[in-house]
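Some notes on the structure that comes next.
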Amino acid sequence: MNSNPYKREENMVTRKMISIDEELCNGCGQCVPACEEGALAIVDGKARLVKEIYCDGLGACLGDCPTGALKVEVREAEDFDPEAVRANLTAQGRAVPGHMPDPASLRMGGRPKGGCPGAALHAMTPCQQANMPQAQAPQAGPASGSALGHWPVQLRLVPPTAPFLKGADLLLTADCVPVALPGYHGQFVPGRVVLLGCPKFDNQMEYIEKLAQIVTQNDLKSITVMEMEVPCCASMTAILNQAFERAGRRVNTIRVTVARNGAILAMAPL
């Protein structure tokens with residue numbers, strides 16, 4: 001039974017939704033402009049979710065909360081409504097995002113049974129790396145062999161017990177970075193274990209739990225976290241910080257921020 005009489009039962013779906021820990025929230029308001037859909041407001045000194053239909057649940061606001069009061073949870077909620085978002089932002093005189101996700105893409109469904117054969121753990125020896133054939137397409141720079149030393153690379157697919165994680169230098173990378181950064185493979189991949197993920201479209205709570213287990217179960221030497229300059233990518237650092245809190249320990253970490261034109265904007269200890 002729906003406890004909120006103002007919600008339409010037929011519009012309820014299971015999807016990601018922002019949750020706010022009132023004890024951690026200090027009412028600073030930094031999350032309000034960070035939410036492009038206008039789903040957050042400060043009410044009685046605390047951040048509040050204005051309406052579920054305004055929140056896409058993708059968590060672009062997480063990286064702007066200085067206290068970690070914002071989290072993403074999966075629960076039953078009203079469907080995201082892009083038209084309502086446009087009307088709300090227009091009424092406030094705020095800019096309307098040029099693109100908003102399709103509500104259907106936000107609904108949570110069952111995952112297909114079985115596994116992809118390409119997800120099997122695989123460590124590649126230096127000999128295998130050196131003998132990788134080079135692509136025949138024109139290249140912007142001199143050809144070089146692959147420096148990737150393991151498979152898979154998606155954070156969702158790598159178990160915390162993967163042998164290549166033991167004592168590793170971790171390269172935690174937002175999905176868009178390798179496409180934007182020309183020197184990603186040559187400058188950052190060698191000698192590191194790559195874990196790729198999208199903090200905007202993937203389940204952030206799963207990322208936090210997975211990274212906490214990786215930190216706890218492996219004696220990591222270092223972590224390099226790489227993000228794009230856009231707000232949705234900045235939450236990768238927030239995810240890692242929450243993982244450190246859950247693990248009860250930290251690892252020496254460098255944060256690298258990459259511009260959309262491929263420039264490295266910042267590189268500093270986290």
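Calculate the FRET efficiency for Ala266 and Asn11 from the Cβ-Cβ distance with a Förster distance of 45 Å, rounded to the nearest 0.05.
After rounding to 0.05, the efficiency reads 0.60.
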**Report entry** Likely footprinting exposure, His185, His150, His99, fewest C-beta neighbours within 10 Å first
**Finding:** His99, His185, His150
**Report entry** Pairwise label distance in nanometres, Asp44 with Glu245, each label 7 Å out on the Cα-Cβ vector
**Finding:** 2.3 nm
Requested in this report: Would you mind ranking Val13, Val74 so that the residue whose beta carbon has the fewest other beta carbons within 10 Å leads the list?
Outcome: Val74, Val13
Query raised in the report: Got a sec? How would Cys61, Cys176, Cys28 order by Cβ neighbour count within 10 Å, fewest to most?
Result: Cys28, Cys176, Cys61
Report task. Would you mind calculating the gained length between Arg86 and Gln187 on full extension (0.36 nm times residue separation, minus the Cα-Cα distance), in nm to one decimal? Result -> 32.2 nm
Report task. Take the Cα coordinates of the stretch 147-269, assign each an equal point scatterer, and use the Debye formula without solvent to give log10 I(q)/I(0) at q = 0.17, 0.22, 0.23 Å⁻¹. Result -> -0.79, -1.40, -1.53
Query raised in the report: Residue by residue, what Karplus-based ³J(HN,Hα) values in Hz, rounded to whole numbers, does the stretch 79-84 have, using 6.51, -1.76 and 1.60 with θ = phi - 60° and x for Gly and Pro?
Result: 5, 4, 10, x, 5, 5
Query - Charge sum, other residues only, whose C-beta stays under 10 Å from Thr67's C-beta, Lys/Arg counted +1 and Asp/Glu -1 - result: -2
**Report entry** Neighbourhood net charge (11 Å Cβ-Cβ; Lys/Arg +1, Asp/Glu -1) for Cys233
**Finding:** -1
Query - Sorted peptide list for 215-223, 227-235, criterion being average Cβ within 10 angstrom, highest first - result: 227-235, 215-223
Query raised in the report: Under a point-charge model restricted to the Cβ atoms of Lys and Arg (+1) and Asp and Glu (-1), what is the dipole moment magnitude of the stretch 150-270 relative to its Cα centre, in debye to the nearest 20?
Result: 180 debye
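Laboratory data are not the source of any read-out in this text; all were calculated from the coordinates shown. Keep in mind it's a predicted model, so treat the numbers as computed, not measured. When we count neighbours, we look across all protein chains shown, and the Cβ atoms used for this are built from the backbone with ideal geometry, even at glycine.
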